[in-house]
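First the structure, in the form of structure tokens, and then the observations on it.
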Amino acid sequence: MLESGSIAPHFSLPDQDGRPRTLPELLRYGPLLVAFFPADFSSGCTRAACMIRDLHERMRELGLSVIGISPQGLDAHLELHTRLDLPFDFLSDPDRTVFGLYDLDGLLGFGVHRALYLIDSEGVIRDGVTTDLRLGQHEQFLHNALAVAVREQQRRRLSQESPDPDLPAVQ
């Protein structure tokens with residue numbers, strides 16, 4: 001896992017519809033939850049993706065975007081996206097390059113880890129967790145990410161409401 005405070009490695013991967021997506025493009029919309037999945041249709045990854053799906057509307061309300069990444073190809077992603085009615089895009093990393101950039105290669109290079117990263121709009125990793133066989137940690141991380149998004153939204157509102165101390169007072 002990459003450490004909190006690290007700069008998130010940039011990537012460009014195709015989504016389930018074949019459109020190239022990049023980290024800088026995704027961060028234009030605000031903070032990003034990046035969910036790494038080892039296999040599209042495994043029971044653990046399906047449950048983890050559905051947890052995100054079920055919280056997605058609340059995440060969007062708070063300005064938190066979501067992207068999923070797995071090593072499977074576009075056809076499998078499109079089927080998963082459709083079958084699970086996922087409201088977020090799934091990116092294809094068949095050679096596992098991005099998994100490697102995010103330090104998620106499996107033991108001795110076999111397989112990859114299931115993980116979540118929370119990346120702020122400046123591209124800094126704020127938190128991360130591997131959740132290979134621990135779906136409870138996956139769910140807890142999602143709720144923590146929502147709490148962070150609530151605090152960030154409140155901070156933005158306060159900064160918009162408070163006057164700029166450098167501006168002259170209106171008479």
Exercise. From the phi of every residue in the stretch 26-33, what ³J(HN,Hα) in whole Hz does the Karplus formula 6.51 cos²θ - 1.76 cosθ + 1.60 yield, where θ is phi - 60° and glycine or proline is x?
Worked result: 5, 6, 4, 8, x, x, 9, 9
Problem set entry | Where labels lie 7 Å past Cα in the beta-carbon direction, separation of Leu84 and Asp120 in nm | 2.9 nm
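Just the number, please: percent antiparallel of the DSSP beta bridges in the chain, rounded to the nearest 5.
Numbers: 16 of 25 bridges.
Around 65 percent antiparallel, to the nearest 5.
Provide the gained length on full extension for the span Glu25 to Asp103, in nm with one decimal, where the gain is 0.36 nm per separating residue minus the Cα-Cα distance. All intermediate terms of the calculation are to be shown ahead of the outcome.
Working: separation 78, 0.36 × 78 = 28.08 nm, distance 2.19 nm.
Full extension from Glu25 to Asp103 adds 25.9 nm.
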Exercise. Taking amide H positions as placed 1.01 Å from N in the peptide plane, with prolines and chain starts having none, which residues 5 or more places from Gln72, or on another chain, fall under 5 Å of its amide H?
Worked result: Asp40, Asp93
Exercise. What ³J(HN,Hα) values, in whole Hz, does the Karplus curve 6.51 cos²θ - 1.76 cosθ + 1.60 give for the stretch 61-74 when θ = phi - 60°, with x put for Gly and Pro?
Worked result: 4, 8, x, 9, 8, 9, 9, x, 9, 8, x, 5, x, 4
Seminar exercise, completed: Mean accessible area per residue over the stretch 1-62 (1.4 angstrom probe, all protein chains present, square angstrom) is 48 Å²
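With r defined as the distance between the Cβ atoms of Arg53 and Glu161 and R0 fixed at 22 Å, what FRET efficiency is calculated, to the nearest 0.05? Present the calculation step by step, with values, prior to reporting the outcome.
Numbers: r = 34 Å, r/R0 = 1.52.
That pair, Arg53 with Glu161, gives E of 0.05.
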Exercise. Along the stretch 139-152, what does the Karplus equation 6.51 cos²θ - 1.76 cosθ + 1.60 (θ = phi - 60°) give for ³J(HN,Hα), rounded to whole Hz, x for Gly and Pro?
Worked result: 5, 4, 4, 4, 5, 5, 5, 5, 5, 5, 5, 4, 4, 5
Exercise. Under a 5 Å amide H to amide H cut-off, with H placed in plane at 1.01 Å, what residues pair with Asp127 once short-range neighbours are removed?
Worked result: Leu118
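Please state the relative contact order of the stretch 1-158 as a whole percent: Cα pairs under 8 Å, 6+ residues apart?
Values: 282 pairs, mean separation 49.6, N = 158.
With pairs under 8 Å counted, the relative contact order is 31 percent.
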For this session: Pull up all non-local amide H partners of Phe88: gap of 5 or more, or a different chain, and H-to-H distance under 5 Å with H placed in the peptide plane.
Result: none
Seminar exercise, completed: Carbon/sulfur accessible area of the stretch 1-155, % of total, 1.4 Å probe, equals 52 percent
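The values are calculated or read from the model by the stated rules, or taken from the named source; none is laboratory data. The structure displayed is predicted, hence computed values, not measured ones. No Cβ is skipped: glycine too gets one built from the backbone with ideal geometry, and neighbour counts run over all protein chains shown. Each accessible area value is taken on the protein alone, full model and side chains, heavy atoms only, with ligands, DNA and RNA left out. Shrake-Rupley method; radii C 1.70, N 1.55, O 1.52, S 1.80 Å.
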